[in-house]
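The structure appears right after this line, and notes come after that.
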Amino acid sequence: VPTAASRQEPTPGSPTSFDEQATVFDLRVGLPEEDCRRIAAAVLGMARARPGDRMLEIGAGTGMIGRWFLNHPVSYVGLDVSREMLEVFRHRPGIVRAGLVQADGAQPWPLPDASVDLVFGSRTIHLLPPEHVIGELFRVASEDGAACVLGWVERRPESVKARLSKEMQRRVRERGFPVRSAGGRRFLEACRERGAEELPKTVVARWPARQAPRQSIANWRAKEGLAGTVLPPGVQEEILRELEAWAAETFGDLDTARESEEAYVLEGVALHGVT
Ligand SMILES: C[S@@+](CC[C@H](N)C(=O)[O-])C[C@H]1O[C@@H](n2cnc3c(N)ncnc32)[C@H](O)[C@@H]1O
């Protein structure tokens with residue numbers, strides 16, 4: 001584990017790391033256990049997975065969802081660039097059967113050609129370079145038919161979180177930095193342009209959500225970088241102060257929580273013919 005002294009200062013514009021968030025990740029953006037079980041079952045259902053199928057999860061993280069694939073008769077490999085996130089996964093009870101690999105999905109994947117029947121990514125694909133991932137996806141996909149399923153949390157566009165995110169991202173982009181967010185649909189569209197076939201969308205869970213603007217801003221303040229991008233010193237705070245002023249004007253105050261609804265959705269494609 002890098003110490004404060006040995007850890008290099010990340011370059012502005014580069015992707016943010018999840019290492020520092022590993023121990024609080026599940027508290028911050030955890031999903032209920034029952035939903036995670038259902039997501040795993042729904043992913044396998046969408047992909048029409050068969051016993052013995054080989055699956056790869058990109059950005060497996062703390063295994064919040066990935067651990068539940070181990071209850072099914074598939075061969076699971078979870079890949080993540082963050083050693084700390086994978087450590088949390090490894091320390092879950094009953095993880096002996098999981099193949100967890102620390103590797104950067106933005107580099108060649110450590111898997112042979114045509115060796116995977118299903119690739120899954122939850123809340124991750126937008127963090128990776130799409131062209132590279134599509135190349136690797138088509139390379140590792142079994143020629144007998146494979147699926148790629150992506151999952152993410154969908155928010156209503158008028159919700160506090162969605163409106164604030166949009167404003168925050170606009171300010172990051174305006175300063176010339178890349179925004180790494182919500183690229184799942186674009187990614188699947190690019191797969192379809194290369195001949196993949198759309199799988200039916202599945203909404204696995206819906207839940208009521210309440211958020212006050214101050215809470216969203218405080219969550220961003222506690223993280224390194226914004227919109228998945230490392231920013232130069234001071235810029236993150238400058239953007240968050242602007243957002244506070246924007247939110248106070250837009251919502252009337254920062255502390256009133258507003259009701260909305262969120263959903264965990266799965267979308268995907270079948271590659272090399274029907275699975
Ligand atoms: C938002 S978390 C999602 C974790 C998990 N899939 C979930 O839904 O709970 C994103 C994960 O992607 C990983 N990640 C980001 N960039 C990556 C890369 N280039 N290669 C592999 N994993 C990456 C992060 O370390 C993190 O664990």
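Observations
- Odd one out for G61 among (1) of a type outside the set (D, E, K, R); (2) open to solvent by less than 40 Å² (accessible area, probe 1.4 Å); (3) within 15 Å of the ligand (Cβ to nearest atom); (4) in a helix (DSSP H, G or I): (4)
- Residue within region 136-152 that is under 19 Å from V29 (Cβ atoms), open to solvent by less than 20 Å² (accessible area, probe 1.4 Å) and more than 9 Å from the ligand (Cβ to nearest atom) present: yes
- Subset of region 64-74 (residues that are among the β-branched types (V, I, T) and more than 13 Å from the ligand (Cβ to nearest atom)): V74
- Complete set of residues in region 75-96 that are open to solvent by less than 70 Å² (accessible area, probe 1.4 Å), out of contact with any strand residue (DSSP E or B) (no Cβ under 7 Å at 6 or more places or on another chain) and away from the ligand (no atom under 13 Å from the Cβ): G94, I95
- The single condition among (1) open to solvent by 20 Å² or more (accessible area, probe 1.4 Å); (2) away from the ligand (no atom under 12 Å from the Cβ) that Q107 does not meet is (2).
- Yes/no for F69 being crowded, with 19+ Cβ neighbours inside 10 Å, in contact with a Phe, Trp or Tyr (Cβ under 8 Å, 6 or more places away or on another chain) and among the aromatic types (F, W, Y): yes
- The numbered conditions (1) touching a residue at least 24 places away in the same chain (Cβ under 8 Å); (2) among the polar types (S, T, N, Q); (3) farther than 27 Å from W207 by Cβ; (4) within 14 Å of the ligand (Cβ to nearest atom) are all true for Q102 except (1).
- Restricting attention to region 189-209, the residues being over 16 Å from L266 (Cβ atoms), assigned to a strand (DSSP E or B) and over 20 Å from the mean Cα position of the chain (by Cα) number 1.
- Neighbours by Cβ (under 6 Å, 6+ apart or cross-chain): first from region 26-39, in a loop (DSSP other than H, G, I, E, B); second acidic (D, E): none
- Region 227-250, subset open to solvent by less than 20 Å² (accessible area, probe 1.4 Å) and assigned to a helix (DSSP H, G or I), residue farthest from T11 (Cα to Cα): A247
- Considering region 12-25, and only residues there that are outside any helix (DSSP H, G or I) and buried (at least 17 other Cβ atoms within 10 Å of the Cβ), the residue that is nearest to the ligand (Cβ to nearest atom) turns out to be F18.
The values are calculated or read from the model by the stated rules, or taken from the named source; none is laboratory data. Owing to the predicted nature of the structure, the values given are computational and were not obtained by experimental measurement. Quick reminder, even Gly has a Cβ in these numbers, built from the backbone with ideal geometry, and neighbours come from all protein chains shown. Heavy atoms of the whole protein, side chains included, go into the accessibility calculation; ligands, DNA and RNA do not. Shrake-Rupley method; radii C 1.70, N 1.55, O 1.52, S 1.80 Å.
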